1. May I ask for the net charge around Gln92, where only other residues with Cβ less than 11 Å from the Cβ of Gln92 are counted and Lys, Arg are +1 while Asp, Glu are -1?
2. For the range 21-171, what is the relative contact order in percent, using Cα pairs closer than 8 Å and at least 6 residues apart in sequence?
3. Given H placed 1.01 Å from N in the peptide plane, which residues other than close sequence neighbours of Trp145 have an amide H under 5 Å from its amide H?
4. In whole Å, what are the Cα extents of the range 21-171 along the three principal axes, biggest one first?
5. Using the Cβ atoms and a cut-off under 15 Å, what net charge is assigned to the surroundings of Glu135, where Lys and Arg are +1 and Asp and Glu are -1?
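Read the figures in this text as sums done on the coordinates, not as results from a lab. What you are looking at is a predicted structure, and each value in this text was computed from that prediction instead of being measured. When we count neighbours, we look across all protein chains shown, and the Cβ atoms used for this are built from the backbone with ideal geometry, even at glycine.
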Amino acid sequence: MTPLGSRVRLYRDGGECVSERRRRRSSGNFLIECTLTMVPTLALVCAFFDFGLALFRWTTLQNAVREGCRYAITFQTGTTGHQDTAIEAVVQKYAFGMVTTSDTPQHIFVNYYSPANLTTPIASPNGNAPGNVVEVSVQNVSWAWIAPLSGVIGGVYSTTPITFAVYSSDILGALPAGTNSVPR
């Protein structure tokens, strides 16, 4: 209760009585509270968006090299007549423009290995013989964050671009019927 003669108006606000002076003082709190809530929420939404796009990019490139490897084990040469060029074209097709065969520096690689030595690639022209291992890869593809955050996240500056390297390998099957060799 207020004493008689006082000029304090009381309002019913959220179940309690609040004086007019207190109500005027607290009007700036809304802006501060809104700012302190919206900035971290916006940063979180941007982080979800960035990580989602990075994951999409990685899985797309992984699918592209997997399809290139599947194509490689069938010894197809496409319209070019050369297996490596046809494999690179398949990877480019499934990469949705993220990498191309004309990139400088080159990002799409096709290597062949002997099952006895998986560390040293076999040089042309005999690498794509049946029983050898084919490795199709996309390497050194850089992607910068869309909305970089300031500071350090997990020991890595968030403005540092991500570099993707994806690989797929399989054993080459038998040559197509009536074929003795396929040009690389």
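1. -2
2. Reported relative contact order: 22 percent.
3. For Trp145, the qualifying residues are Ile162.
4. 89, 31, 25 Å, listed from the longest principal axis down.
5. Net charge around Glu135: -1.
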